[in-house]
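Worksheet for the structure shown next.
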Amino acid sequence: GSKRILRSNEILLPSSGQTETDLQLTFSLQYPHFLKRDANKLQIMLQRRKRYKNRTILGYKTLALGLINMAE
């Protein structure tokens, strides 16, 4: 299947590692309703950029994952 990615702007964390922020995300999804039952899911992931020895490298590490069944 096709993978489409929508990312918010980067959110910088203070040294305490905790922050509270308001996100205003607006998007519309268009998808065919005839998809297979197992493939008809929306994934929402909290990710951070990958790092190696304090340097940012290509890619993202997934910290949390949520699934929404679009067939319901």
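List of remarks:
- Hey, Ile68 at pLDDT 85 or above and either in contact with a Phe, Trp or Tyr (Cβ under 9 Å, 6 or more places away or on another chain) or not charged (D, E, K, R) (or both) or not: no
- Residue match in the range 25-42 (condition: surrounded by 10 or more Cβ atoms within 10 Å (Cβ to Cβ), within 13 Å of the chain's Cα centre (by Cα), of a type in the set (A, V, I, L, M) and at pLDDT 85 or above): no
- Note on the range 51-72: residues that are hydroxyl-bearing (Ser, Thr, Tyr) and either in a loop (DSSP other than H, G, I, E, B) or in contact (Cβ under 8 Å) with a residue 12 or more places away in the chain (or both) total 2.
The values are calculated or read from the model by the stated rules, or taken from the named source; none is laboratory data. Model, not experiment: these values are computed from the prediction. So basically every Cβ, Gly included, is an ideal-geometry build from the backbone, and we count neighbours across all protein chains shown.
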